[in-house]
Structures are given as structure tokens and as C-alpha cells.
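Scroll down for the structure; my scribbles are underneath it.
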Amino acid sequence: MLSLALIIATAVAFHSLVYAAVVPSPRPLVIWHGLGDSHSSPGMVEFGDMIKEVHPGIFIHSVYIDKDLDADRKAGFYGNVDEQVALVAEQLSSIPELQEGFDAIGFSQGGQFLRAYVERYNSPKMHNLITFGSQHMGISDIPLCARFDFLCQVARRATKAAVYGDWAQQNLIQAQYFRNPSAYPTYLRANHFLASINNERPEERNVTYAHNLASLNKLVLVVFTEDRTVVPKESSWFGSEAIPDDMQFAVQQPFVGDKAIIPMRLQPLYTEDWIGLRKLDERGDVVLESCQGEHMQLGGCWERLVRSFVGHN
Ligand SMILES: *[C@@H]1O[C@H](CO)[C@@H](O)[C@H](O)[C@H]1NC(C)=O
């Protein structure tokens, strides 16, 4: 009996060896968390575990600005995004498991930061990028405060008033993707992050950004149908409130409150293809998806997307 068991065990072991040699392990995954979260919060760890159930054996790296969880959380609010993306590029290039390429998932602001990585660095190379509720065309309002949260309201007003000042642009993360449609020229002059990765300044357009973004296999853009945190929520699909230059299109568009929303395919960024998005879309590789619910309610929709767009070689 004992020897039979041993033989079976050996056969099984041999079989899995052969199997392992034939079936490559899943493509690795990089995740960048959202605002208010950290690289290893309970929610992030749980999400990683759920992905490992879908793709057994997958290598996952959760991006960090600081290994310390509190400091990492703080870095979501305060710091310089250009520097953070540069730091992450260095981090990814130092991880052996990622050197043959990886898929990536960005939560909320982590989504546009990963897109900046692709455009500016992309070494090692990203394969598929999924962004959940990200602010690709920025936000045109700072999220509202609770009714009697006066401290929040004061801070919010101060941020809005000084958002294009030097200090805010160097130190407040949200200011670096705040795109105020009624102060567009000021935004264009002062903003060094979003205006840069969207190639909005004609004299600074960088063809490398477009080349790199178009080299993605798939760009999966997920909007949350009831998102009230991201204003406007269409930013997750490269939509934005009309700026004065867009008014020729605005009249044909549905209004949200008193604001006209310009969808991706009518944005000059798209029609003139400043960042390779149109090229990617015309190839059929921009996937517009939606999840039911408020900002980052992933419950009913992450699994299907992770099955389709993560881990395949
Ligand atoms: C364009 O972007 C690439 C990648 O980040 C960079 O190496 C290059 O210096 C940039 N070119 C210009 C003209 O700024």
C-alpha cells in the first residue's frame, strides 16, 4: 500500500511538473490604490487574494510611495505626482518578476497615474491597463463636504481658490488633476501633470506619450454609473465638462445639471489624437465598461474584467 501511494504521488508530482512546464504562469499584475487608501490596507490585501483565486499563482505587486502605511496613505493627498510616478517607474524596473511585462489595474487616481507611467516610462512594458473610476480628463470640482463639516468646507474653498497656485500644484495631489472649465487658460499654464500627460499644450506635445499609450494591448476604462465623487463621472471615459473651445460641440450634448459633457470621441485630445487614444480606439482596443453604483463599488463587476483582461499571456 505504502509503495503504491508513493508511486501515485510520484506520478502526480511528475504530471504537475510537466503541466507547469507547458502552461506558463499568469502574466504578473501591478495595482495602484486610490485616494485615502494604502498599498496594503485590508481592502487591498483582500482584493489581491480574490484575484489569486481567479488566477492561481499570479504575481501581484501593489505600488507604494512609502512602505509605511500611514505615510503611503498621506502620499495620496500630498506630494508631487510627477515625482511619485518617477519613483514608481524606478520601483517597477527593480522587480525581477515584472521584467517580461505585466497587466495593471488602477483604482481611481491610481488609474491616471498608471497611464502617466505608460506614456512617460513603460519599461518594463505594460500589456493591459484597467482603470476603475479614474479621472482621465481631471475633475472640475473638489468632492463636496458633509453639510455641517465646516472644517472640510473651509479647506475645500481654500483649495478651489488657490488650486493653480505654485504651492498647490507642487503639493496637493488633487490640484494636479483639477481641470476647471471656467479657468481653462490658467489651468493650461499652471498644471504640470494632467495637462502634460494629456498633451494639451501645443508647444509641448510629446510624441513618445502617444507612441507608448498606443502600444498597450487593451485600455479598459470603467465608469461607475452613480459616481458622485468624481465630477464629472464621465472623466473615467475621457469625458469632461465643455471648456469654451468645445462650445461648438456642447450644444449637441446631453446636459448634466447645467453642464454640457463632451464625450471622449469629440474631445480634441481624441480627434487630433494627441496621446494615441484614437489610434488605440480605432484598432478596437479601448474598452468602455461600466460598474453599477457609487465610486469604487467594485462588488458586482471586478471579476468579469479581471477574468477577461488580467493574467493572460
Ligand atoms: C518626451 O517624453 C519622453 C518620455 O518621458 C522623454 O524622455 C523626452 O525627454 C520627452 N521629450 C521632450 C521633448 O520633452
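The values are calculated or read from the model by the stated rules, or taken from the named source; none is laboratory data. Note that the coordinates shown come from a computational prediction; the quantities given were computed from them, not determined experimentally. Every residue, glycine as well, gets a Cβ built from its backbone with ideal geometry; the counts of neighbours run over all protein chains shown.
Quick look at the numbers
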read-out	value
Residue in the range 82-135 that is nearest to the ligand (Cβ to nearest atom), counting only those that are among the aromatic types (Phe, Trp, Tyr) and either within 20 Å of Ile51 (Cα to Cα) or at pLDDT below 95 (or both)	Phe102
Residue pairs meeting the criteria (Cβ under 6 Å; at least 6 apart or on separate chains; first outside any helix (DSSP H, G or I), in the range 294-310; second aromatic (Phe, Trp, Tyr))	His295/Phe224
Breaking point among (1) away from the ligand (no atom under 13 Å from the Cβ); (2) among the charged types (D, E, K, R); (3) out of contact with any Gly (no Cβ under 7 Å at 6 or more places or on another chain), for Asp227	(3)
Residues of the range 174-226 classified as closer than 29 Å to Glu294 by Cα and charged (D, E, K, R), total	3
Matching entry among Gly239, Gly299, Gly293, Gly276 (being among the small types (Gly, Ala, Ser) and either surrounded by fewer than 15 Cβ atoms within 10 Å (Cβ to Cβ) or at pLDDT below 95 (or both))	Gly299
Pair list, Cβ < 8 Å and 6+ apart or interchain, from the range 199-211 residues that are touching a residue at least 40 places away in the same chain (Cβ under 8 Å) to residues that are more than 8 Å from the ligand (Cβ to nearest atom) and among the β-branched types (Val, Ile, Thr)	Asn199/Ile275; Tyr209/Ile197; Tyr209/Ile275; Ala210/Ile275
Helices (runs of 4 or more DSSP H) within the range 145-208 that include 3 or more residues under 26 Å from Lys279 (Cα atoms) and touching a strand residue (DSSP E or B) at 6+ places or on another chain (Cβ under 6 Å)	none
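Here is a yes/no grid of residues against (1) over 15 Å from Trp32 (Cα atoms); (2) in a strand (DSSP E or B); (3) of a type outside the set (Gly, Ala, Ser):
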| position | (1), (2), (3) |
| --- | --- |
| Gly57 | yes, no, no |
| His61 | no, yes, yes |
| Asp66 | no, no, yes |
| Asp70 | yes, no, yes |
| Ala86 | no, no, no |
| Ala89 | no, no, no |
| Leu92 | no, no, yes |
| Glu97 | yes, no, yes |
| Glu100 | yes, no, yes |
